[in-house]
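Asker: Quick one: this structure, given as structure tokens, is what I'll be asking you about.
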Amino acid sequence: MTIETLDDLFLHTLKDVLYAERKILKALPKMERKATDPSLKAALSSHRDETEDHVVRLEDVFESLGKAARGAKCDAMVGLVEEAEGLMADIDDAETMDAALISLAQAVEHYEIARYGTLVAWARQLGHPKAAALLKSTLDEEYGADRALSKLAEKRLNAAAAA
């Protein structure tokens, strides 16, 4: 795809994020299985459900634009998932695993926050209010997931790993 306009860049980034969300959906169950803390397991499970909603919302964005909902390989998410898989394979200690899982999940959240924030701004600039509203809903959920993971880490999981 040749990118010549902001419209082209917007569509390209939507495809990138759709691919990323689908990639995350495949990775979250493994992360959930590796988690030992019940609250972390619940947070990862909840985020898996939210991610399913994110995919549906993105499909709605594509539909509102009259475009097919096709993903385009997101090298950043491929790298984040590969990093997660490698790190999970290298950790045996349960508390350290839980701390690592939060770190890995937050790396994904921060990527998504950056992408969705940009997409919201572009949708508004390009005159796509429905797309902007849908993307903003997802952005808000990504911020919420990040805050929940931080709270979980700071309350007890990081301390447990440090003990």
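Asker: Take MET88 and decide whether it is open to solvent by less than 60 Å² (accessible area, probe 1.4 Å) and in contact with a helix residue (DSSP H, G or I) (Cβ under 9 Å, 6 or more places away or on another chain).
Answerer: yes
Asker: Quickly run through segment 46-66 and pick out the residues that are under 15 Å from the mean Cα position of the chain (by Cα) and either hydrophobic (A, V, I, L, M, F, W, C) or not in a helix (DSSP H, G or I) (or both).
Answerer: Passing the criteria: VAL55, VAL56, LEU58.
Asker: What number of residues in segment 10-45 are part of a helix (DSSP H, G or I) and surrounded by 16 or more Cβ atoms within 10 Å (Cβ to Cβ)? Show your work before the answer.
Answerer: Step one: of segment 10-45, the residues part of a helix (DSSP H, G or I) are 10-34, 38-45.
Applying the additional criterion that residues be surrounded by 16 or more Cβ atoms within 10 Å (Cβ to Cβ) yields 10-11, 13-24, 27-28, 31-32, 34, 40-41, 43-44.
The qualifying residues number 23.
Asker: Sticking with this one: On the basis of being in contact with a helix residue (DSSP H, G or I) (Cβ under 8 Å, 6 or more places away or on another chain) and open to solvent by 70 Å² or more (accessible area, probe 1.4 Å), does GLU52 make the cut?
Answerer: The answer is yes for GLU52.
Asker: Now, a different point. Identify the single condition in (1) farther than 20 Å from ALA160 by Cβ; (2) out of contact with any helix residue (DSSP H, G or I) (no Cβ under 6 Å at 6 or more places or on another chain) that PRO38 does not satisfy, given that it satisfies every other one.
Answerer: Single failed check for PRO38: (1).
The values are calculated or read from the model by the stated rules, or taken from the named source; none is laboratory data. Note that the structure is predicted; figures quoted are calculated from it, not measured. Glycine gets a Cβ as well: all are built from the backbone with ideal geometry, and neighbour counts include every protein chain shown. SASA here: full protein model, heavy atoms, side chains in, ligands and nucleic acids out. Shrake-Rupley method; radii C 1.70, N 1.55, O 1.52, S 1.80 Å.
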